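The block underneath contains the structure these notes are about, expressed in C-alpha cells.
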Amino acid sequence: MKPAFFDKFNQSIFLLFMAIVFLLPPGTSIRTSYYILICSTVAISIFFLNKSYIKLLIKRLKLFDKNLVLLFIISTTYIFLSVFWSDLLSKELFFYYFKNYLLLLILLIFISQTPTNQNTINYLYFLVQISALIGSLTISINHIHSQGTEGRLIDPIDTAQIFGLAAIFCIHKLTLHDTKPDKLFSVTIICLASIFLLMLLAKSRGPFIALIFTSLLIIIRSKNIKLLAYISLIVVSVLTTLYFFDAYDSIFNRVSVPAYRFMIWKATIFESLDNLFFGIGLNQESSVYITNNNMGFQHSHNMFVDTYRLTGLIGFLLLTSLTIVTLYKGYSLTKMDDIWFYILIYGVICLLTEGRQPLNRPSHTWLIFWLPILLIAKTHTSYKIEKIK
C-alpha cells in the first residue's frame with residue numbers, strides 16, 4: 001500500500017479526532033477516541049510498512065525541530081523514569097505510566113506522518129467550528145433544561161478547557177480575513193457566542209481567564225480592531241440575554257467562592273522540600289493537605305507544581321524549559337500556523353490553575369499541551385511534506 005494513501009488517511013483521522021472531541025462527553029471519551037483513531041492508525045501504518053515507507057518515516061521525523069523533539073523526549077522520559085523511586089511502586093503502577101509514555105510517543109509518530117499543510121488547517125477550522133457549535137449548544141440546552149443556571153456542568157473544568165480550545169480556533173479564524181468576512185463568518189460568531197455561554201455555565205474561572213488572556217493576545221498581535229468589536233458584541237449580547245432571563249446572579253454565584261489555589265501551591269512546595277531534586281516519584285495517590293485548614297485536595301491544581309512535587313526540581317526545569325522553548329519558537333510561526341502557539345498559550349494558563357501531573361492518560365490536557373508542542377516542533381521547520389507518487 002502506497003505511503004500517499006496513508007497521508008490522506010492520517011489527515012482524515014486527525015480531522016475526525018479533532019472534531020469528535022467536541023461531540024462526546026469529556027473524560028473517557030477523549031481517551032477512547034485516541035485509542036480507536038490515533039493508536040489504531042499508527043498500528044495499521046506499521047502493519048503495512050515497507051522499505052520506502054520506513055525511509056519516509058525516518059526522514060519526516062528528522063524534519064522536526066531537532067532541539068524541541070530532543071527536549072520533548074528527554075523531559076517525558078525523565079518524568080516516566082521517576083516512577084522507579086516512588087514509594088508506591090508496583091507492577092500495575094509501572095505499566096500504567098509506561099503505557100502513557102508509549103502513547104505520547106505514538107502521538108509523535110502520528111503527527112510526523114500527518115500532513116499539516118494549509119489545506120488541513122482550513123478543514124480543521126471548519127470541522128472544529130461545526131462540531132463545537134453542535135456540542136456546546138447540546139450541552140448548554142440539556143443543562144439549562146435539567147438544572148437551570150444554578151448548578152454547574154458535569155465535568156465543568158474539562159468541558160470549559162476543551163471548548164475554550166474551540167473558541168481560540170474561532171477567534172484566530174477571524175484574524176485571517178482582514179478585508180472581508182469569509183462565507184462562514186456568521187457560523188463563527190454563533191459558535192463563539194454558544195461557547196461563551198457554555199463556559200459561563202461551567203463556572204470554571206481558570207479556563208475563562210486563559211481564554212480572555214489568549215484572546216487579547218491574538219487581538220494585539222493581529223492589530224485587528226474589528227475582532228475586538230466582534231468579541232465585545234458577543235459578550236454584551238450573551239450577558240444581556242442572561243440578565244433578561246434573570247439568570248445573571250445564578251451564573252456568577254461562584255465569583256466570590258474561595259479558590260484556595262495559592263494555599264494548595266504553598267503546601268505542595270513546602271511538602272516537597274525533603275525531596276527537592278528528584279521528587280516523590282510518579283504515583284496516582286498524590287493528595288495535598290493544608291494542615292492549617294484541615295483540608296485535602298486530590299492534586300496540586302497546577303501541572304508544573306505537580307511536576308515539581310512528583311519529579312523534583314529536575315523534572316520541573318525540564319518541563320518548564322520545554323514549554324518556554326516551544327513558545328519562543330511558536331511565536332515566530334506564520335499567521336496561519338501560529339494557531340498552535342495560541343493554543344499552547346491557552347493550555348499553559350489553564351494548566352497553571354487546573355492542571356494535574358503531565359504523564360496522565362490521553363485527555364483534554366493532551367489537546368491543549370502535548371499536541372500543540374509537537375505541532376509547533378513540526379511546523380517550525382517550515383517544510384512541505386513531499387508527495388509520494
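Coordinate-derived values only; no laboratory data. Everything numeric in this text was worked out from a predicted model, so none of it was measured. Using ideal geometry, Cβ is built from the backbone for each residue, glycine included, and neighbour counts are taken over all protein chains shown.
Amide H to amide H distances under 5 Å link G355 with N302, M303, where only residues 5 or more positions off or on other chains count and H is placed in the peptide plane.
If you take all other residues with their beta carbon under 12 Å from the beta carbon of F341, and give Lys and Arg +1 and Asp and Glu -1, the sum is +1. Sequence-ordered 3J(HN,Hα) estimates for the stretch 364-371 from the Karplus curve with 6.51, -1.76 and 1.60 and θ = phi - 60° stand at 4, 4, 4, 6, 9, 9, 5, 4 Hz, glycine and proline given as x.
The stretch between E92 and I58 holds 9.0 nm of extra length on full extension. This uses 0.36 nm per residue minus the Cα-Cα distance. Between I220 and I74, the simple spin-label model (points 7 angstrom out along Cα→Cβ) gives 3.1 nm. Whole-Hz Karplus values for the stretch 215-225 come out as 4, 5, 5, 4, 5, 5, 5, 7, 6, 9, 5 Hz, taken residue by residue from phi with 6.51 cos²θ - 1.76 cosθ + 1.60 and θ = phi - 60°; glycine and proline positions read x. Label positions at S29 and K8, each projected 7 Å from the Cα along the C-beta direction, are separated by 3.0 nm. Checking the cross-link pairs K66/K91; K173/K329; K183/K329; K266/K329; K335/K378; K223/K329 against a 24 Å limit on the alpha carbon distance flags K66/K91; K183/K329; K266/K329 as lying beyond it.
Extension gain for T138-K183 works out to 13.8 nm (0.36 nm per residue, less the C-alpha to C-alpha distance).
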